[in-house]
Amino acid sequence: MNERDLNQGRPSRISDAANDSAIEAVTTFSGNKALMLDEPLIFELGSSETCGVDIDVMEPVESRLGGLERNKPIGLAGLSESETVRHYTRLSRQNYAIDLGLFPLGSCTMKHNPRLNEKMARVAGFSDIHPMQPVSTVQGALELIDELAHWLKTLTGMPAVAMSPKAGAHGELCGILAIRAALEARGDAREVILVPESAHGTNPATAAFAGYRVEEIPATEGGRVDVDALAARLGPDVAGVMITNPNTCGLFEPDMRKISDLVHAAGGLVYCDGANFNAIVGRVRPGDLGIDAMHINLHKTFSTPHGGGGPGSGPVVLSEALAPYAPLPYVTKSDDFFHLIEEEQSLSDDSDTFGRMTAFHGQMGMFTRALSYIMSHGADGLKQVSEDAVLNANYILRSMDDLLDAPFGHSGPCMHEALFSDKGLADGFSTIDVSKGLIDEGYHPMTMYFPLVVHGAMLVEPTETESKHALDNFIGSFRNVVTKAKEGDMSLLSAPHFAPRARLDETAAARKPILVWNEPETAEAAE
């Protein structure tokens, strides 16, 4: 039986070296290779001298821009409707997306978003409302926000939640500002926030932005917080700790309760980065671990499009100690009517909010998707979500650890993501070569060089939505690329070969970005 028979009549996907060379040598007038389209910039397709539609010349009108009028042509390329649609459709085909295949980015939870949730987010009354409508006309939307808030508090074991933060880092800032407000209210302003090595990179940035001095707490050889080092540093100048749990090594912090007790005994408060809540939802309630504030990425845990600068939402659950300092606005209910509290004078006497973080309340589409996800799964389903996420990550970890170094594999099972290092690759080969090789295999690369505590880190998060078949295909591709890197296959150093663009000079792109289009003759003159 030949290979074509094995593929049930389909042409083989495997070609010999001679054929590969012949394929690479083929050139075309257009630059395209069949459906691998070589799409120019929009400025190279059209001209600013032309327009895709006929527009009558208008009589001059009196400007109302107060001296802010444009003083030169905008310079946009003019294309016909068909050219415009084709351009953006072709660009979209160069995107990798969760609807195309497994997205292994670690610490990002790039998972399939059920279409049911998308449908709910488009229901009239959720999708077409305006934040400045009278409260009486958006009662259903406010009830949804209140219901989602109830479930977030239930799942975390926390008494309060601020729904307005727009994303994870915004939620971190909310939590830290609440901590600062609580400390200042008791006349105990402090200067330092402690951040473990295994925390997300936004944690120290957020603390610094809020005006704190950041000090790092080392990790143990097992990849977890060094509790003794933390205890030794606690003192009257420490406002609190920002800890990620599960952490960026993909490990749960088993001493979380002890850490919280130590920080509280020293007069500080505990912020937990909840970006990885996907790994413990339905299994662990952060409130039971002594946590005072934790943001929840609805766009990671509870089904929302993630990545590409898309919409986010980062509600922050708060302990009893921090609840009075929650930001405005928030939803309350009385006499079967939902109110949106937006002014400090509307607050109860026991509230001392630190103020407003955003103009309007939350992200309605994100709230709708999240509540749909929670209600369609139920308590048992959410527990299975975390269990399957952890199972899938451990399946990848144990399927690769005979080939790739797993620096914390000896620490027991991982949580939602598997972490590998570049140890053992052939001389001259590194993590970036593995990632570029994965592109040729048809996958978006895993997270590279993060967390920083592991040299040449490769962080893989399969999420709970991938089947065993999908995982096996990814593992097969991952093993193939890693084997090439260990054996010194020189073709890997120039990968990717089958992507719309060859390997780019990423250092030059970061240090000398070209962000403005110049006409070719202008660009040559500038050189």
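The values are calculated or read from the model by the stated rules, or taken from the named source; none is laboratory data. For clarity, every value in this text was computed on a predicted model and none was experimentally measured. We place every Cβ from the backbone using ideal geometry, glycine too, and count neighbours over all the protein chains shown. The protein model used for the area step is the full one, side chains on, heavy atoms only, and it has no ligands, DNA or RNA in it. Shrake-Rupley method; radii C 1.70, N 1.55, O 1.52, S 1.80 Å.
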The range 117-372, dipole about Cα centre (Lys/Arg Cβ +1, Asp/Glu Cβ -1), debye to the nearest 20: 700
- prompt: How would I280, I42 line up by accessible area, probe 1.4 Å, largest first?
  reply: I42, I280
- line: Toy charge model, Lys and Arg Cβ at +1, Asp and Glu Cβ at -1: the range 336-482 dipole around Cα centroid in debye, rounded to 20, equals 560
- line: For G171, the net charge from surrounding residues (Cβ-Cβ under 14 Å; K, R +1; D, E -1) works out to -1
task: Determine, for each peptide in 403-409, 468-474, 368-374, 58-64, the mean count of other beta carbons within 10 angstrom over its residues, then list the peptides with the highest first.
output: 368-374, 403-409, 468-474, 58-64
- request: Please give the per residue accessible area of the chain, computed with a probe of 1.4 Å over protein heavy atoms only, in Å².
  value: 52
query: Mind listing which trypsin sites (Lys or Arg not before Pro) in the range 221-258 are in a DSSP loop and have 13 or fewer other Cβ atoms within 10 Å?
result: none
- line: Checked against the positive end of the charge dipole of the chain (+1 on Cβ of Lys and Arg, -1 on Cβ of Asp and Glu, about the Cα centre), the farthest of I74, L397, P451 is L397
- prompt: What's the tally of Lys pairs in the range 117-372 whose alpha-carbon atoms lie under 20 angstrom apart, where the two lysines are 8 or more places apart or on different chains?
  reply: 5
task: Putting +1 on Lys and Arg Cβ atoms and -1 on Asp and Glu Cβ atoms, find which of G290, A210, T332 reaches farthest to the positive end of the dipole of the chain.
output: G290
task: Over the range 233-299, with every protein chain in place, what whole percent of the accessible area is carbon and sulfur at 1.4 Å, could you tell me?
output: 53
Which of I145, H112, Q94, positive extreme of dipole for the range 92-192 (C-beta unit charges): Q94
statement: trypsin sites (Lys or Arg not before Pro) in the range 184-219 lying in a DSSP loop, each with at most 11 other Cβ atoms within 10 Å of its Cβ, come to R186
- line: For the range 389-501, the percent of accessible surface on carbon and sulfur atoms (probe 1.4 angstrom, ligands and nucleic acids excluded) is 57
task: Take each uninterrupted DSSP H stretch in the chain, measure its Cα extent along the helix axis, and return the ones at 30 Å or beyond whose mean Kyte-Doolittle hydropathy is at least -0.5.
output: 364-400
- prompt: Local charge sum around F103 (other residues, Cβ-Cβ under 14 Å, Lys/Arg +1, Asp/Glu -1)?
  reply: -4
- prompt: Roughly how many whole Å is it from the C-alpha centroid of the range 403-435 to that of the range 172-244?
  reply: 29
statement: Asserting the computed 222 nm helical MRE of the chain (DSSP H runs at least 4 long, -39500 (n - 2.57) per run, divided by residue count, to nearest 500) equals -10500 deg cm²/dmol
- prompt: Please identify the GluC sites (Glu not before Pro) of the range 318-416 that satisfy two criteria: DSSP loop assignment and at most 15 other Cβ atoms within 10 Å. Which are they?
  reply: E320, E342, E343
Cα-centre dipole for the chain with unit charges at Cβ (Lys and Arg positive, Asp and Glu negative), debye to 20: 780
- line: In nanometres, the difference between 0.36 nm per residue of separation and the alpha-carbon distance of L41 and V61 is 3.8 nm
field: Heavy-atom accessible area ranking, 1.4 Å probe, most first, across K333, K486, K300
entry: K333, K486, K300
task: Sum up the charges of everything whose Cβ sits under 10 Å from the Cβ of Y271, counting Lys and Arg as +1 and Asp and Glu as -1, but leave Y271 out.
output: -3
Rounded accessible area of D38 (nearest 10 Å², 1.4 Å probe): 60
